[in-house]
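What follows draws every value from the coordinates through simple rules; no lab data is involved. None of the values given here were measured: they were computed from a predicted structure. Using ideal geometry, Cβ is built from the backbone for each residue, glycine included, and neighbour counts are taken over all protein chains shown.
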Ligand code: ARG
């Protein structure tokens, strides 16, 4: 028997499938603000009398209160946030509620409310990034003078200041701040007035609406206005990039807190113990940040794929923009909030870091010293490479030799140690104490600390 033939599709199946209320209710505040501004614009062209406008505004304000106090009765049978609010407005003010939709469509409404909501989230994100930067700069300042190996290919490379390494993250985060700013600038465009697609029949004062709703400009093409979701894609990308930065930091924290490195002690509240192995301090929180990155990539790909090849203008596919961007927002903001706490409580182990600079970490410096004595770099490189290989055979490395022993072997006066190595890199972007001090000073000025 073919089971499908007698399957009765319930009304619920369709309404559940098409409903967005469970997730778009989070833009209620912006949607209400938008409707209040719109009622004022309708009053300006006499579609609403002043008295009607006032009633509608009061109705919308009380809906806002109902939602905020948890008293609002969400109706699953009404598709989305816009319909839920309009229907409740009907209950509260009667037939005149029907006038609020004059010349407006959910197409220009959802595009505008979303932009409003996401703009405010970007402001919050930027404040979080700044807070993380503050913790990073504080650690760079507090631990100034601590020396550690820098790495390339995860192999010890050259000695650097820990502060220099930490400030690299400040630079990354600064790029994130500016990327989010650019994203917000692009998002900052009022779509309301575009109607369903062709532009509003009514001569709504769009400049007034833009002012009321804090948009710095209005869109120029109604078709593009209701079709465009680039601003969501941009934001998803900004989030993914910054989240990727957090995974790089997480990865280093995880490595550094291992017994093998022992560079850092993570605060108790971000490590967990093992139910079986009593000695364990597992870095679960940085691991979770690293793991959650996958969601943001998935969300970015979902949004991009949803938009691919969509004909203009609005298509219902676009309702699928919300869950991924909301998930990316939540994932990223909670990750950065956690990272702030991790950095705040982290303790660096100066001795372990310094001990890790023993070995051949000054090999490049030796080659550079020979260059300064007139030997071409290619040759000096070979000389030092041979020296390290020879030392290795005897189970030794450059750090086992004194300056006078080195001078004897190389036939030149050699003065070398970590501090000299670090301070000789006194070029802009270098790790010398002066340069790093300056970098921290500039950062503090930016952060107002
Ligand atoms: N819930 C819809 C969305 O998020 C709102 C716009 C609906 N417009 C329409 N013509 N059905 O995309």
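Please work out the Cα center distance from the range 266-334 to the range 173-202, rounded to the nearest Å. The range 266-334 and the range 173-202 have Cα centres separated by 24 Å.
When you count, for each residue, the other Cβ atoms within 10 Å and take the mean per peptide, how do 374-384, 343-353 rank with the highest first?
On the way: 374-384: 14.3, 343-353: 16.5.
Listed from highest to lowest mean packing, they are 343-353, 374-384.
Highest mean packing first, where packing is the average number of other Cβ atoms within 10 Å per residue, the peptides 300-312, 167-179 line up as 167-179, 300-312. Length available on full extension from residue 351 to residue 445: 0.36 nm per residue minus the Cα-Cα distance, which gives 30.8 nm.
Reducing the range 389-444 and the range 85-116 to their Cα centroids gives an inter-centroid distance of 69 Å. Mean sequence separation of contacting Cα pairs (under 8 Å, at least six apart), scaled by the length of the range 318-449, corresponds to a relative contact order of 16 percent.
Applying 1/(1 + (r/R0)^6) with r as the Cβ-Cβ distance of residue 428 and residue 91 and R0 = 51 angstrom yields a FRET efficiency of 0.20.
How much length, in nm to one decimal, is gained on full extension between residue 260 and residue 211, taken as 0.36 nm per residue of separation minus their Cα-Cα distance?
Values: separation 49, 0.36 × 49 = 17.64 nm, distance 5.80 nm.
Gain on extension, residue 260 to residue 211, equals 11.8 nm.
Between residue 413 and residue 152, what's the calculated FRET efficiency when r is the beta-carbon distance and R0 is 35 Å? Round to 0.05. Walk me through the numbers on the way to the answer.
Working: r = 29 Å, r/R0 = 0.83.
Using R0 = 35 Å, I get an efficiency of 0.75.
What relative contact order, as a whole-number percentage, does the chain give when Cα pairs under 8 Å and 6 or more residues apart are counted? So the answer I get is 16 percent.
Multiplying the residue separation of residue 68 and residue 287 by 0.36 nm and removing their Cα-Cα distance gives an extension gain of 75.3 nm. Taking every C-alpha pair closer than 8 Å and separated by at least 6 residues, the mean separation divided by the residue count of the range 1-112 gives a relative contact order of 34 percent. Helix-only mean residue ellipticity at 222 nm, the chain, DSSP H runs n ≥ 4 weighted -39,500 (n - 2.57), per residue, nearest 500. What is it? The helix contribution divided over the chain gives -20000 deg cm²/dmol.
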